[in-house]
1. For the range B:91-103, what are the residues that are in contact (Cβ under 8 Å) with a residue 24 or more places away in the chain and more than 13 Å from the chain's Cα centre (by Cα)?
2. Listed residues B:Pro127, B:Pro112; which is free of Cβ contacts under 8 Å to residues at least 24 places away in the same chain and not polar (S, T, N, Q)?
3. Just the residues that are more than 16 Å from the ligand (Cβ to nearest atom) and assigned to a loop (DSSP other than H, G, I, E, B), please, taken from the range B:106-136.
4. Find all pairs meeting these conditions: Cβ atoms under 8 angstrom apart; at least six residues apart or on different chains; first residue within the range B:363-386 and under 21 Å from B:Cys253 (Cα atoms) and free of Cβ contacts under 8 Å to residues at least 60 places away in the same chain; second residue more than 8 Å from the ligand (Cβ to nearest atom) and part of a loop (DSSP other than H, G, I, E, B).
5. Counting just the residues of the range B:60-72 that are within 11 Å of chain A (Cβ to nearest Cβ) and in contact (Cβ under 8 Å) with a residue 40 or more places away in the chain, which one comes out farthest from B:Ile97 (Cα to Cα)?
6. Residue by residue through the range B:319-369, note down the ones that are outside any helix (DSSP H, G or I) and within 12 Å of the ligand (Cβ to nearest atom).
7. For B:Glu299, indicate whether it is outside any helix (DSSP H, G or I) and away from the ligand (no atom under 16 Å from the Cβ).
8. Among the residues of the range A:92-108, are any surrounded by 24 or more Cβ atoms within 10 Å (Cβ to Cβ) and within 14 Å of another protein chain (Cβ to nearest Cβ)?
Amino acid sequence: MKVLVPVKRVLDPYVKVRVKQDKSGVDLSNAKMAMNPFCEIAVEQAVRLKEQGVASEVVVVSAGPQQSQETLRTGLAMGADRGVLIPTDVALEPLAIAKLLKAVVDKEDPGLVLMGKQAVDGDNNQTGQMLAALLGWAQGTFISKVELQDGAAQVTREIDGGLETLQVKLPAVLTVDLRLCEPRYASLPNIMKAKKKPIDTHSPEDLGVDVTPRLQVSRVEEPPARQAGIKVESVQELVKKLHEEAKVI
Amino acid sequence: MDFAPTTEQELVVDSVRKFVEQECYPHEQEVERTETVPAEVGEAIRRKAIENGFYAANMPAELGGGGLDTLTMTMMERELGRTSFALQAFVHRPSNILRACNDEQAERYLHPTIRGERMDCLAMTEPGAGSDLRGMKTTAVRDGGDWVINGTKHFISHADLADYTVLFAATGEEETPRGKRKKITTFLVDHDTPGLEVREGYRSVSHRGYHNCILNFDDCRVPARQVLGEEGAGFDLANTWLSASRLTVGTMCVGRARRAHEMSVEWSASRKQFGQPIGRFQGTGFKLADMATEIEAAEMLCLRAAWLHDQGRMSDQDAAMAKLFASEMLARVTDNAVQIYGGMGLMDELPIERFWRDARLERIWDGTSEIQRHIIARSLLRPHGA
Ligand SMILES: Cc1cc2nc3c(=O)[nH]c(=O)nc-3n(C[C@H](O)[C@H](O)[C@H](O)COP(=O)(O)OP(=O)(O)OC[C@H]3O[C@@H](n4cnc5c(N)ncnc54)[C@H](O)[C@@H]3O)c2cc1C
C-alpha cells in the first residue's frame, strides 16, 4: 500500500515571530523555516509503516514556495521514497491545498493519506477534513495510535473527554496528533540518499486547480502580552480561585 | 563565490542540532555537578549516534564512516560544540590519523573504532613537553622484534574511555642541516599492554565530566607491527592527518559562542531594569552587536579553512588563524555573556558560567594562542628570509 504524506514548510516553531509593521502578516524575511512538526510526526508514522512491511511506498507532497523542496528533502531524509512538489507563490488556503492534494491522490492512488492535524502557522486544522470530504473517503482526526489490518485502520483519537477508538475503512485520511510517535533524526546515510531520491513537480495549473485566495486578511496582530501570575497560599485557595474566578472547575 | 550551504549540509546541521538538544542538553547540569557522565547516559548517546550515522562521521563512507568532507564536518562539529564537551564526546570522531593504518592494523583498530567497538586517544604531551613537542622524553627502543617504551604522557583526553592510544615517542636522533633532532615515531598501544598504566589526571576548571589522564610507560613492550606509519615519521603523519583538528577546536568555539549569544539576546530582551529591557541600554546592545559580529567572522574563518582543506590547499596559517581567532572570540563572547546576565551569569543554575569556564581551555589545547601566532608570523616572515 502506498502512503501519501503531505508536508508543509512553516516558520520554525522555535523562532520568535514578529508581526509586520503594516499588520498584513507575519514577517518571514530571513526567518528560519522548518517542516511543520505535525507533518514530521506523519512522516515518521508512514516510515514506520513501511519498516513494518505494511506500507510499500511513502510519497511526500508539498505545496507552496519553491523552497518547499527543502521540506520534501527533509521528509526524504527521514526515509520517504519520493517527493511531489507543487510550487506556487500564492498564499495557499486550506481548501486550495485540499484540492491540490485531491489531484495528487487521483494521480498517485494511495491507500492512505497520513497528515498533520494542523500546520503551526495558520493553525487552521481544516485541510485533512476537507481532503477527506473532497475524496469521499473515511477520516480519522487527531490520532494518537494507529493499527492497520484487513483494509481498515483502527485509530485512537484524542478528544476532549479522553480517548476514542474508531475503525476506519481504507482508503482514508488520517490526521495525526502530537503523541502518535516521536519523529526520528534524519540519519547521515539517509540524508546522503535523499539527494538521489526523485521529486516530481506539478504546477497548480497542471493539476487543474484554481488556488486563488478566497479569504481576505484584514489585519494580523500579536496576542496581548500575558499578565503576570499570582501565588496562592494553599490548595484550598487554589481550588476556590479556579472555581470562582477562573470558573474552570 | 557561493556562501549558501547545500541542502545536505542544512539537513546535517538541523539533524545534529536536534540530536544535541534532545540527547545532550538534558544531561548537562548533572554532568557539570557530578563531574562525570553517567555510564548509561554516555552509552545511550553513543548507541543513538551510531544508529543515526553521526558516529565516525569524519571517516570515509567505504569504511563505514559518515563520509563527510571537511567543510560539512566543520558544520557538524559546530553543532556538537554547543553542548558539554563531555557529552558530545560520545558522538565519537576517531582520530583521522588512524587512516594511516595498514590493512592489518585497520582490521584491529580503524574498523572496530569506526563501528564504535573500540576507542582511540592520542598522546603527545608530556609534563616536560607541551608546546615543544620535539622535546618529548618518552622513548621507544628496539629490542629484537619489539619496541620497549618508557616515559610519561599527561593531559591525555578520553584515555579513560579509550582502550588504546596513538602514542608519539622518541626513537633516536637524526642529523639535519640545523643540527641534531629527535626522531619521533607513532605507535598503537593497547591499554591492557603490560607496563602501561592509565591513571586519572588532573581536575580541570574547563569541560567538567570529561577527563584527561596520565599514561605511565614502564618497560612497556609492543611488537613491531604496532608502529603506525613509518619509523621516524611521526610528525609527518601528524601533519598529514591532524592539520584539520585545529578547525575542530575553532568551529566548536563558534557553536558554543552562538549558544551563549542566543541566550544573551533573549536575556537582554526580557530582563528589565530601570523600566526597560537591558538590551536597550547601549552598553548592552553594543556588546550583543560585537559578539554577533565576531562570531560571524570566526565562523567564516573556520568554514573557509575547511573549504581550503577539502581542496587540498589549506595552509598551517589558515588553520592557525581560524583556531586563534575563534578561541579568543569565545573568551570575549562568554565574558560578555556573564556581564549581560549579571550575577545570574555566575550561578550554576544557568550554563553561562560553564561556557565562560570552558572557554578558557580553548586558547591552550591544540596549540596555545602564542603558538598559533608564532605559526602565522613565521609564515608571514619566511618568504622575506626572516
Ligand atoms: C584539558 C586538556 C586536554 C588535553 N588533551 C591532550 C591530548 O589528548 N593529547 C595530547 O597530546 N595533549 C593534550 N593536551 C595538551 C595540550 O595540547 C597542551 O596543554 C598544549 O599544547 C600546551 O602545552 P603546555 O600545557 O605544556 O604549555 P607550555 O607549552 O608549557 O606553555 C606554557 C606557556 O608558554 C607559552 N609558550 C611556549 N612556547 C612558546 C613559544 N615558542 N612562543 C611563545 N610562547 C610560548 C605558551 O603559549 C604558554 O602560554 C591537553 C591539554 C589540556 C589542558
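Throughout, read-outs are computed from the coordinates displayed, never taken from laboratory work. The shown structure was predicted, so the numbers you read here are calculated from the model rather than taken from an experiment. Cβ atoms come from the backbone with ideal geometry, glycine included; neighbour counts cover every protein chain shown.
1. B:Ile97, B:Leu98, B:Arg99, B:Ala100, B:Cys101 - these are the residues of the range B:91-103 that are in contact (Cβ under 8 Å) with a residue 24 or more places away in the chain and more than 13 Å from the chain's Cα centre (by Cα).
2. Working: B:Pro127 fails: free of Cβ contacts under 8 Å to residues at least 24 places away in the same chain.
So the residue among B:Pro127, B:Pro112 that is free of Cβ contacts under 8 Å to residues at least 24 places away in the same chain and not polar (S, T, N, Q) is B:Pro112.
3. The initial filter retains those residues of the range B:106-136 that are more than 16 Å from the ligand (Cβ to nearest atom), namely B:106-112, B:114-118.
Once the filter is applied, which keeps residues that are more than 16 Å from the ligand (Cβ to nearest atom) and assigned to a loop (DSSP other than H, G, I, E, B), the range B:106-136 yields B:Gly116, B:Glu117, B:Arg118.
4. Correct list of pairs: B:Ser369/B:Arg363.
5. Pass one, the range B:60-72, residues within 11 Å of chain A (Cβ to nearest Cβ): B:61, B:64-68, B:72.
Filter once more, so that each one left must be in contact (Cβ under 8 Å) with a residue 40 or more places away in the chain: B:64-65, B:68, B:72.
On the way: B:Gly64: 16, B:Gly65: 14, B:Leu68: 16, B:Thr72: 19 Å.
If we take residues in the range B:60-72 being within 11 Å of chain A (Cβ to nearest Cβ) and in contact (Cβ under 8 Å) with a residue 40 or more places away in the chain, then B:Thr72 is farthest from B:Ile97 (Cα to Cα).
6. Step one: list which residues in the range B:319-369 are outside any helix (DSSP H, G or I), which gives B:347-351, B:363-368.
The answer is B:Arg363, B:Ile364, B:Trp365, B:Asp366, B:Gly367, B:Thr368.
7. Working: outside any helix (DSSP H, G or I): no; away from the ligand (no atom under 16 Å from the Cβ): yes.
No; evaluated as a whole, the condition is false for this residue.
8. Within the range A:92-108 (the criterion being surrounded by 24 or more Cβ atoms within 10 Å (Cβ to Cβ) and within 14 Å of another protein chain (Cβ to nearest Cβ)), the answer is no, since none of the residues qualifies.
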